[in-house]
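Undergrad: One structure, pasted below without further comment.
Rule-based calculations on the coordinates, nothing more; no lab input. Note that this is a predicted model, so its numbers are computed, not measured. Using ideal geometry, Cβ is built from the backbone for each residue, glycine included, and neighbour counts are taken over all protein chains shown.
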């Protein structure tokens with residue numbers, strides 16, 4: 001009986017899972033639709049990006065960051081870290097493979113995966129006893145369907161296309177989305193001289209990197225409500241009452257929201273000070289768009305040269321995974337709550353979907369590999385070598 005593992009996705013989640021499986025001598029293959037691993041980091045991350053968490057919470061399994069590296073790793077340095085990770089552990093994904101479907105066959109108790117080879121056009125058929133979804137939370141960009149959206153006459157991009165604010169100097173730019181990307185892009189635009197506005201509708205917590213680091217450390221020893229009390233006390237001292245600037249805090253604390261709803265606080269990079277000084281304008285929600293004119297929910301009308309959608313991403317795993325209900329809900333995220341989110345039924349797993357960043361990725365990868373090893377040992381089945389392509393179907 002053939003045993004093997006197939007991993008979908010060669011981002012940090014797929015790479016981490018690969019290394020953890022190799023540590024247990026479990027053969028596996030990684031399918032990646034892009035032409036390179038970690039494509040989101042290598043191709044789509046904006047220039048000023050740094051890891052929001054301290055380096056001790058952002059390493060992948062079996063390879064901590066160097067002691068002399070900065071506490072908060074810049075994008076380019078993290079990309080080099082990923083390069084070294086792939087080289088050190090000899091990770092060899094199969095590129096240009098777009099998974100079109102995966103279904104569980106009850107007859108033989110295995111997963112059947114169809115992947116399009118984007119170069120040849122062939123459909124490759126894989127059979128796996130274990131399937132790991134590692135395509136991440138950021139598989140596809142999300143842009144809300146606003147009335148008149150496509151009538152906009154200026155430039156319109158998603159945050160994954162944004163690199164730098166240098167070309168937007170003296171232009172009126174609207175940022176839609178007030179998460180970490182939206183707030184940081186707003187800061188970057190303003191720094192380069194853009195007349196920047198940001199849409200803020202929902203309440204969120206604003207904290208500093210140091211507050212998050214402290215919270216993560218003390219959360220090992222204190223209950224979450226105590227951690228939230230300490231962090232919010234520090235945030236109130238540092239930022240004061242932000243409601244008069246259009247920023248409202250939720251009733252629940254930041255670490256409670258992260259643990260229960262996966263909602264991360266905004267880690268301030270200097271945006272709050274620019275909002276206070278009115279270098280960045282806060283505007284309410286959008287009612288409609290007509291040409292370059294944007295009608296806001298408060299009745300005001302503004303003209304913009306560009307709109308940046310920092311509205312996040314969505315998982316698309318449930319679109320190709322025919323039996324997704326074994327581990328995912330209808331939105332493509334785990335149906336089980338943390339910390340049991342990574343394991344489904346029928347030898348189906350997901351890595352990196354816990355909304356806990358790289359720290360969560362490492363936890364998931366280790367747990368998945370250990371569980372697969374346990375299942376194999378219990379069945380006393382010999383793993384017979386690397387996965388193989390079973391057949392090629394002509395392009396149709």
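Undergrad: Quick one: compute the contact order of the range 141-309, relative version, from alpha carbon pairs under 8 angstrom and 6+ residues apart, as a percent.
TA: 36
Undergrad: Run the quick spin-label model on residue 66 and residue 375: label points 7 Å from Cα toward the beta carbon, then report their separation in nm to one decimal.
TA: Here the answer is 3.9 nm between the modelled labels.
Undergrad: May I pose another question? Of all beta bridges DSSP finds with both residues in the range 141-309, what is the antiparallel percent, to the nearest 5?
TA: Counting only bridges with both partners in the range 141-309, antiparallel ones make up about 25 percent.
Undergrad: Could you give the length gained on full extension between residue 225 and residue 359, defined as 0.36 nm per residue of separation minus the Cα-Cα distance, in nm?
TA: 46.1 nm
Undergrad: Only bridges whose two residues both fall in the chain count here: according to DSSP, what percent of them are antiparallel, nearest 5?
TA: 50
Undergrad: Still on this structure: Most exposed first by the Cβ proxy, i.e. fewest other Cβ within 10 Å, how do 351, 20, 103 rank?
TA: 103, 20, 351
Undergrad: Going by average Cβ neighbours within 10 Å, how do the peptides 118-131, 356-369 rank, with the highest at the top?
TA: 356-369, 118-131
Undergrad: While we're on this one: Note down the relative contact order for the chain as a percent, whole number, built from C-alpha pairs under 8 angstrom at least six residues apart.
TA: Over the chain, the number comes to 25 percent.
Undergrad: A follow-up question, please. Separation between the residue 236 and residue 43 pseudo-spin-labels, each 7 Å from Cα along Cα→Cβ, expressed in nm?
TA: Taking the two extended label points, one gets 4.7 nm.
Undergrad: Also, I was wondering about something else. Among 51, 114, rank each residue by its count of other Cβ atoms within 10 Å, from fewest to most, as a rough exposure measure.
TA: Starting with the residue having the fewest Cβ neighbours, the order is 114, 51.
Undergrad: Now a separate question. Quick one: if you stick a label point 7 Å off each Cα along the C-beta vector at residue 330 and residue 118, how many nm between them?
TA: 3.0
Undergrad: Another question, then. Given a Förster distance of 22 angstrom, what is the FRET efficiency for residue 276 paired with residue 75, based on the Cβ-Cβ distance and rounded to 0.05?
TA: FRET efficiency, residue 276 to residue 75: 0.20.
Undergrad: Using only Cα atoms, what is the ratio of the radius of gyration of the range 141-309 to 2.2 N^0.38 Å?
TA: With N residues counted in the range 141-309, Rg over 2.2 N^0.38 Å equals 1.10.
Undergrad: What is the order of 234, 211, fewest Cβ neighbours within 10 Å to most?
TA: 234, 211
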